Amino acid sequence: MEVNQIISLVEKFAPLELQEDWDCSGVQIKIEKDIKKILLCLSVTENIVNQAIEQHCDMIISHHPLFFVPFNFKKNIAIYSAHTNLDKAQGGTTDTLVELLGFKAKKMGDFLRITELKEEILLDNFINLLKEKLNLKNIRIVNNFSKEKIKKIAFCAGSGTDFLNEVQKINADAFVTGDVKYHTAMESDVIIIDIGHYESEWPVMKTLENILKPLNLKVVIADEKSPFINY
């Protein structure tokens, strides 16, 4: 199958014009060849490229673009990235995370999603749900006012703390995201639940896999993990 046919299907779901001005989603490395097998990943690394070679993949579709290429890439493999356009798309990165937890969310801006529960739930129960669904052993929590229950929850997969002011303006009880910095945590009026950048985005691999199903190509999800290690 031609590369352009595959790209068209992805961009139908996550149009390229949705990406941020600073982003560089789209074709990273174009190879004119018949695509028979695709590897999906969050970030293209040497390890990911080696997996693609070992599994005889002709194309890699990643979430994160090649802002820089940390390896000498001379492989006959096409690379395409869907980054902020996939984050913004209906059913994309953050929507996938929310749905995995069993919730329905409304769009609050390009990246933010919000879900308001019918009744308050214990924060401890929500944390346990996150651990179960995302297979997490540890979660970092900011709870400056020692709240025990939550009802209105904001979500932003990846690195979402730039949107904390918006989250506070809508009076959310909790904000689920990743990459929380110290001073952001200190100043927060809402509970921040830092599940990790990788951990919050990894579920979207299944979404990409489902998007590509109509093509009847072999699609595999890379063996990938967070670079951070908890001891």
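Within the stretch 164-231, which trypsin sites (Lys or Arg not before Pro) sit in a loop by DSSP and count at most 15 neighbouring Cβ atoms inside 10 Å? The partial results should precede the final answer.
Values: sites: Lys169, Lys181, Lys206, Lys218, Lys225; in loops: Lys181, Lys225.
The qualifying sites are Lys181, Lys225.
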Estimated [θ] at 222 nm from DSSP helical runs (n ≥ 4, -39500 (n - 2.57)) normalised by residues in the chain, nearest 500: -8000 deg cm²/dmol
Apportionment of accessible area to carbon and sulfur, the chain, percent (1.4 Å): 48
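Net charge within 13 Å of Asp87 by Cβ-Cβ distance, Lys/Arg positive one each and Asp/Glu negative one each, not counting Asp87 itself? List each step's numbers first, then the result.
Details: positive: Lys88, Lys107, Arg113; negative: Glu20, Asp23, Asp95, Asp110, Asp162, Glu201.
My count for the surroundings of Asp87 gives -3.
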Distribution of pairwise C-alpha distances over the stretch 49-118, 10 Å bins, in %: 17, 35, 24, 18, 5, 0
Rounded Å value of the spacing that divides the Cα centres of the stretch 10-49 and the stretch 165-214: 22
In Å², nearest 10: area of Ile229 left accessible to a 1.4 Å probe: 120
Cα-based Rg / Dmax (Å) for the stretch 128-172: 12.0, 31
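Can you tell me the alpha carbon radius of gyration of the chain divided by the globular rule-of-thumb value 2.2 N^0.38 Å? Walk me through the intermediate numbers first.
Details: Rg = 18.5 Å, N = 231, 2.2 N^0.38 = 17.4 Å.
Compactness ratio reported: 1.06.
Any number yet on Rg/Rh for the stretch 108-231, C-alpha, Kirkwood?
Values: Rg = 15.8 Å, Rh = 15.7 Å.
Rounded to two decimals, Rg over Rh is 1.01.
Taking a probe of 1.4 Å, how large is the accessible area per residue of the stretch 118-231, in Å²? Present the calculation step by step, with values, prior to reporting the outcome.
Details: 6850 Å² over 114 residues.
For the stretch 118-231, the solvent-accessible area averages 60 Å² per residue.
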Debye intensity ratio I(q)/I(0), log10, the stretch 92-170, q values 0.20 Å⁻¹ (C-alpha model): -1.03
Surface accessible to a 1.4 Å probe, Tyr198 within the full protein complex, Å²: 50
Rel. contact order, % - alpha carbon contacts under 8 angstrom, at least six apart, the stretch 91-135: 31
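Quick one: net charge of Asp179's neighbours, Cβ under 15 Å, K/R +1, D/E -1?
Values: positive: Arg140, Lys181; negative: Asp87, Asp162, Asp194, Glu199, Glu201.
So the surrounding residues net to -3.
Assigning unit charges at the beta carbon (Lys, Arg +1; Asp, Glu -1) and nothing else, what dipole magnitude in debye, to the nearest 20, does the chain show about its Cα centre?
Values: 27 positive and 33 negative charges, 102 e Å.
The dipole magnitude comes to about 480 debye.
In percent, how large is the relative contact order of the chain, given Cα pairs closer than 8 Å and 6 or more residues apart?
Values: 415 pairs, mean separation 49.0, N = 231.
Relative contact order of the chain: 21 percent.
List the chymotrypsin sites (Phe, Trp or Tyr not before Pro) within the stretch 114-162 that DSSP assigns to loop and that have no more than 14 neighbouring Cβ atoms inside 10 Å. Can you show the working numbers first?
Numbers: sites: Phe126, Phe145, Phe155; in loops: Phe145.
Here the sparse-neighbourhood loop sites are Phe145.
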Charge dipole (debye, nearest 20) of the stretch 103-179; +1 at Cβ of Lys and Arg, -1 at Cβ of Asp and Glu: 200
10 Å Cβ shell holding at most 15 others, DSSP loop, GluC sites (Glu not before Pro): longest site-free stretch of the chain: 33-147
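With +1 on each Lys and Arg Cβ and -1 on each Asp and Glu Cβ, how big is the dipole of the stretch 181-231 about its Cα centre, in debye rounded to the nearest 20?
Details: 5 positive and 8 negative charges, 70 e Å.
Approximately 340 debye in magnitude.
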Solvent-accessible surface (1.4 angstrom probe) belonging to Asp34, in square angstrom, nearest 10: 80
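Could you pull out the pairs from Lys12/Lys107; Lys107/Lys206; Lys36/Lys133; Lys137/Lys181 whose alpha carbons sit more than 27 Å apart here? All intermediate terms of the calculation are to be shown ahead of the outcome.
On the way: Lys12/Lys107 19 Å; Lys107/Lys206 21 Å; Lys36/Lys133 32 Å; Lys137/Lys181 20 Å.
Pairs exceeding 27 Å: Lys36/Lys133.
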Equivalent ellipsoid, the stretch 1-107 (semi-axes from 5 times Cα gyration tensor eigenvalues, Å): 25, 15, 14
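The values are calculated or read from the model by the stated rules, or taken from the named source; none is laboratory data. All values derive from a computational prediction rather than experimental measurement. Don't worry about glycine lacking a Cβ; one is built from the backbone with ideal geometry, like all the others, and counts go over all protein chains shown. Heavy atoms of the whole protein, side chains included, go into the accessibility calculation; ligands, DNA and RNA do not. Shrake-Rupley method; radii C 1.70, N 1.55, O 1.52, S 1.80 Å.
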